[in-house]
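The values are calculated or read from the model by the stated rules, or taken from the named source; none is laboratory data. Given the structure is predicted, the values throughout are model-derived calculations rather than measurements. Neighbour counts run over all protein chains shown; Cβ positions are idealised from the backbone, glycine included.
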Amino acid sequence: MDANEAGPDAGHGRDEPAGAGEAEGSAAPGEAPRPALAALSLPYQMGAALAVAVVAVAACVHLGLVFLHIAPSNTITKEHARTIDDWIYPEFEQNWKLFAPNPLQQNVAVEARADVRTADGQARTTGWYDLSALDGEAIDGNPVPSHTQQNELRRAWDFLIGSHDAQNRPSGLRGALAEQYLTRIVVPRLEREDAAGPGGTIDRVQVRSRSTNVRPPEWSQEQVSETPAYRVMPWWFVPDDIAAETAGSAQVTKGDGS
């Protein structure tokens, strides 16, 4: 009775087992799915790889040309300026630069001279001493040059021109300190060069910079002036304390050398 009431579906169940409706050829449980690219045939895989490579190369070329366009002027940008401009303009034009200001393209030397009083009481003005060249000679061939030889004079000059106006007048207290600082550097160096002579003293010093343009490479069409440009500071009196310190240092140096 119960079997007849259950009908023809009795014993079979209304619900199908899990997975019974899956299409043939599907991945077995626990098997990792195949990547989409690996599912393609070999010709399609090669085509996709080639497309990715082309896009990557094009992106690198584009980024490189944009970088050269916004970078400061240099030998590469000057040599390939037409190629860079043809790629950038007009679609990819940039109105900004990567660095500012441009890297230094001049050689700047600091020179000094002095009004001295000799041992017999005569006054005279020395010639110009190239202090930067003296530092260069001390550095040349020295595997471990000192920080003083490399940077002291250059940074002192940068400090000076940064604290003076276009008429070489000090801008407040920083300008006065810059003059004193540079004087303390210059006077001992002139003493080491025996600028005042035996028994002489240095009364005043004058400092100037000589700027010359770096020559462009041979292939460049750029024309630059080879005439040096000078920035001459006023005469500065040597304070008594600096003169005393310098004189004492000079006597010690001579005593050590004797």
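Per-structure values
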quantity: Output for the stretch 155-183, where each listed residue is within 29 Å of the chain's Cα centre (by Cα) and among the charged types (D, E, K, R); calculated: 155, 158, 165, 174, 179
quantity: Residues within the stretch 190-227 that are basic (Lys, Arg) and modelled with pLDDT under 95, tallied; calculated: 2
quantity: Selection count, the stretch 175-204, where residues are of a type outside the set (S, T, N, Q) and either over 13 Å from residue 131 (Cα atoms) or outside the structural domain of residue 114 (by TED's automatic domain parsing) (or both); calculated: 16
quantity: Near pairs, Cβ below 7 angstrom, 6+ apart or cross-chain, from the stretch 230-258 (modelled with pLDDT of 80 or more) to any residue that is in a helix (DSSP H, G or I) and among the polar types (S, T, N, Q); calculated: 236/183; 238/183; 242/183
